[in-house]
Each structure stands twice: as structure tokens, then as C-alpha cells.
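Taking it in order: structure first as C-alpha cells, then the write-up.
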Amino acid sequence: MTQRLTGIAASPGIAIAKAFQLNHIQYTPASEKVADAHQEATRFRQAVEEARQELERIKTMTEERMGADKAEIFEAHLLLLEDPDLIDAVIENIENDEVNAEYALDQVSGGFIEVLSSMDNELLRERAADVRDVAGRIMSLLRGVSYAAISAIHEPCVLVAEDLTPSDTAQLNPDAVLGFVTVVGSRTSHSAIMARSLELPAIVGAGEAAAKIETGTMIIMDALEGTVIIDPTEEELETYQARKEAYDLRKKELRKLLDQPTVSADGHRVELAANIGSVEDLQKVFANGAEGIGLFRTEFLYMERNSLPSEEEQFQVYKHVLERMNGKPVVIRTLDIGGDKELSYMKLAAESNPFLGLRAVRLCLSKQDLFRTQLRALLRASSYGQLKIMFPMIAVGSELREAKRLLREEQEKLAQEGISVSAAIEVGIMIEVPAAALAADLLAKEVDFFSIGTNDLIQYTMAADRMNENVSYLYQPCHPSVLRLIRMVIEAANREGKWVGMCGEMAGDETAIPILLGMGLHEFSMSASSILPARALIKQLSRGEWVGYIGELLSMDSHEHIQQFVKQKIRGDLS
Ligand SMILES: C=C(OP(=O)(O)O)C(=O)O
Ligand SMILES: [Mg+2]
């Protein structure tokens, strides 16, 4: 009988095929006394060595197929093979208790996994999956059974598993595995991230019922919606086959736009850029035809570690991004810590309103050493590409002037040290505080560009915390108050001959894009996966026509009316 499950749509697409249930053999070894514990320890060491060789091979294969950053996970696995808390502890158990290697490994790794899984820290919990993966590999080698069964799948199927380990995902054959469904997992789990880079449809967290899907059962996975249909009817098969064909066709059509400029139907050119948070995101930037990077959120460089990144470490990251972008514009935003983003290793005074507190550039100006280090790293990297430095959360002109003063001072110091800095660096600000939007005409004289941060601009305009679900109905990008502020900013920049972009979520919103085009926005920066649909939309729009609608739109009284108007017009344009 047909059954439906719902999970998290972790990587988009639709797949229809027979299920392949990947039951990692649940093996619980019994404790056995060994006659020669020393020899048993040697057997264990040999298995560890074989695991190391296997992992080296998988790492190289992943580097070739998915890039060096995706292969890093196997570096972590290789390090685990040298971890005394795991490996030496197993050897000690074997020797002290004179037990078999399988039992000792199961005991030690099981304890390790239990401790990590109960931690109140996502990274450490993910580490438990790595230990399970590595221990499973050694266990298979000890037992002489294949741990790599997944690479042997050659018939088209949808893989179903409790969870997929990174090595599972790296070894699967994308010609045969059309998608996968897991019982557990989140959008940010390793398997989800790998699925997106392989462009393989994936639904994660589908629940216990997924574990009961038997190999050979027909299933439909709609990873656009997050639905799994087990044993579908003929009618459902037909419906989803048609949906899949439409989706695949659209994807193929969109790919044709990959290297094309973004030009409206009446010949107006704009730039579509990507938002990134790390070097790993570059792969998506290229895969989706971004014309530049409109926002590099550097705070993630600071957040994913236990101490401040040094000038040299930051320089290497910025240089790498600029070089890889090969002369295309790269807007790097200085540290935006505070609000919801914390640094565990930097204790800041508790605030009752962190979003209205010592955040972003305010914090940087109060901790100048921290700020100067980042500015130096940016200035040094500037010779490697087209760098644009952007200050977040500017509310008043004096903050901008102070930030620019520090930048100038660091530039002079570098010149004295004989370190070259590009003469073409642009300096701009985010417009995400209503005060800055209202005074954009004054600020425009002192910058090279603006980028409108609508995520914050909307929260501050509506006085609605962006993290609070109870007031999320006030996130209204097309509300007249928000649109009027945006128009003020765009016009202020245009009057001064400065370029203006947008890097908040609104820039990729298909209802907002026509309005922003009509208002004269130059650059739209969004998550990479939104770029091709946005390009396709802009190609169909007449900029002149949308310029003509702006007055009427701004006199409408609600977000809903404005959205309705845009949707109707778009439908007209596309039909
Ligand atoms: C892009 C923005 O910055 P963040 O989301 O990082 O605050 C914004 O506020 O719109
Ligand atoms: Mg912001």
C-alpha cells in the first residue's frame, strides 16, 4: 500500500526508482579470550594500516570528483587513525584484558561515540559520525568483510540508509544512485552538503519509517518538497514522472545561462553575484555562474575555531578567494560579530538587546587591534584581485570615517614596510540600519558603493527580531516602508554616481527582483543556487516597463497588494 513520508529537502531534485536499503550490518562482537594478546594487537595495527591506505585512496578519489575541500573530511578520518584516545586505548584493552580486537574496538569506539553524541555542540556530535565511520571501517577489515559495498551498486536506485557517512557518499556511483533518503540528518549534515555538491537529490531526517523501506520497493523521492512516496500508484508515478521531466528540463535550460551576462529583455545589464561564508562555498559560485562575490561574510572564519585567526591566516583565505575569482569583483565584509553571532573564545559583556548593541563595526571600532589585523590582511590580499571592502552596520557618518581612518593608517604602515597594496580597492558600506538609509544621500558622498542588507534593514525598520518566529510575519520585503527606504538608497547612490547592490535575502526573491530592477539596483547578491533562476527571470523582464510601475507600487498600502501586482505582471511577461 502506498505510504508517504516527509523529511528535510536537503538537495533538490526528483528521483523515481527502486529502493536500495543500505543496512550497515549491525555487528556486536562477543568478548573472546585470546592466547597471544601481543599478536592480537599486531592484527589490530595491521587493520588500522589497511584502513589508512583505503582512506588515502578515497581521499584522492574525492579530491578528483568533488574538490579538495570536500576531501578534507577524510583528512580528519586519517587523523583519527592516529588518535591515542581511540587507537592506543584499543591496544591497551587488548593487551590488558587479553581480549579479541573486535571486542576491544567496539568497546572503546562505542564509549567514544556515546560521549560525543551527548555533547551540546553540533560539531562534536558530527565528530561522533566520523568515529563511527572510522571504527566501522577497521571492524570490517578485522572481519574480512567489505565496508565499501556502496561502491558496488550499479543498478539505478534510490539509496535508503540510517545515515550516510562521508565515505559512503564519496564512494557512491552517481550513475546508479539517483538520490538518497536517510532516517536521520539535517540540512547541514555532511551527507547533505556532499549531496548538494554532487547535485544529487537528497531527503534527510525522513524518520524511522524510512528504515523499514525494503530493497526493491518502488519509491518516488521529491527532494523539492521533502516527500517520499513508497509503493506509489500508477497515477502518482505518471504525475511525478512529468514533474521530474519538467524540473530536469528547466535545470537544463537554466544551465545554458551559466556563462551569459544578465541582461533584461530591453538590454539593461545588471550583475548577479553570490554570497559566501567560506572558501568551500566557491565551488557553488562557479557551478551557478555568479558574476562576482557580493558578500563574503568573514565572521565564519572567526566562528569555526577556538581562537582569533591571525593576519597571515586571514590573508591566505582572502588571497585564495580573490585569485580563484580571477579578476571578478569580490566584496569582503569586515567582521560582523554580535547579535546572534558569537565568538565562544571572546567573552563580550552580556547585553539585553544584542541586536541593538555592540555589534559589527561598532565592536570593531571598540576593539581596534582585532579590526586592524583584519584590515591589514585585506589590504595585503588586495593585489590578487578586484577587492571591495565593506563595513557592516554603519549607522552614522562618523563610524564610516573612523573605519576609513584605520584602513588608511594600516595602508600607510604597509607602504612603509614595502608591501604592495592595490590602488583600485573600493570601500563601501552596508545599508542595514534605517538611519543610514534615511541619510544615504550624505553617506553616498563618502563611499564607493552601497550594499543593502535587507535581512537587518527589515528587522530594524519593522522592529521585529529576525530570529523570533512569533513576529516573522513582519518580515515583509515588499512592504511600502521597506521599498521606500530602498528607493531612497538607490537614488542617493545613483545621484552620486556610485554603484548600489543588495546582499540580503531579498535580492534573490523573485517577487522583489522586478521592483529592484525598476528602481535601478546594479548588483544583486544572493545564495548561489538562486542565481540562474534570477538570471532567467531578468532576461524576460523589460526594465523600462518596471521603471514605469514604481510610482504606482509605492503608493499601494500593503506587502500583499504589492506582491500580487508583481506576480500578475510577471505572469503576463512570461506568458
Ligand atoms: C546580508 C545581511 O547581513 P547578515 O544577514 O549577515 O546580517 C543583511 O543584514 O541583509
Ligand atoms: Mg546584516
Looking at (1) of a type in the set (Phe, Trp, Tyr); (2) surrounded by fewer than 21 Cβ atoms within 10 Å (Cβ to Cβ); (3) more than 30 Å from Arg571 (Cα to Cα), find the lone condition where Phe450 falls short.
-> (2)
Would you point out the residue of the stretch 334-373, among those that are surrounded by fewer than 19 Cβ atoms within 10 Å (Cβ to Cβ) and among the aromatic types (Phe, Trp, Tyr), that is farthest from ligand 1 (Cβ to nearest atom)?
-> Tyr345
Among (1) assigned to a loop (DSSP other than H, G, I, E, B); (2) surrounded by 23 or more Cβ atoms within 10 Å (Cβ to Cβ) - the single one Met506 does not satisfy = (1)
When residues of the stretch 10-38 are filtered for being aliphatic (A, V, I, L, M), part of a strand (DSSP E or B) and at pLDDT 90 or above, how many remain?
-> 5
The stretch 459-476, residues that are more than 16 Å from ligand 2 (Cβ to nearest atom) and surrounded by 18 or more Cβ atoms within 10 Å (Cβ to Cβ) = Gln476
Here are some residues: Asn455, Asn470. Which one is at negative phi, part of a helix (DSSP H, G or I), within 14 Å of ligand 1 (Cβ to nearest atom) and under 28 Å from the mean Cα position of the chain (by Cα)?
-> Asn455
State whether one or more residues within the stretch 296-303 are away from ligand 1 (no atom under 16 Å from the Cβ) and not small (Gly, Ala, Ser).
-> no
Could you list, in sequence order, the residues of the stretch 33-74 that are of a type in the set (Lys, Arg), within 30 Å of the chain's Cα centre (by Cα) and surrounded by fewer than 19 Cβ atoms within 10 Å (Cβ to Cβ)?
-> Arg52, Arg57, Arg65
State which residue is nearest to ligand 2 (Cβ to nearest atom) when the search covers only the stretch 408-452 and only residues that are of a type in the set (S, T, N, Q) and in a helix (DSSP H, G or I).
-> Gln411
Restrict the check to the stretch 118-127 and report whether at least one residue is at pLDDT 85 or above and not in a loop (DSSP other than H, G, I, E, B).
-> no
Quick check, is Leu407 of a type outside the set (D, E, K, R) and within 16 Å of ligand 1 (Cβ to nearest atom)?
-> no
Residues of the stretch 182-226 being among the acidic types (Asp, Glu) and closer than 24 Å to Asp69 by Cβ, which ones?
-> Glu199
Select, from Gly520, Gly544, the only residue that is out of contact with any Pro (no Cβ under 9 Å at 6 or more places or on another chain), on the phi > 0 side of the Ramachandran plot and in contact (Cβ under 8 Å) with a residue 12 or more places away in the chain.
-> Gly520
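The values are calculated or read from the model by the stated rules, or taken from the named source; none is laboratory data. Remember, it's a predicted structure, so these values are computed and weren't measured experimentally. All Cβ positions, even for glycine, are placed from backbone atoms using ideal geometry, and neighbour counts span all protein chains on display.
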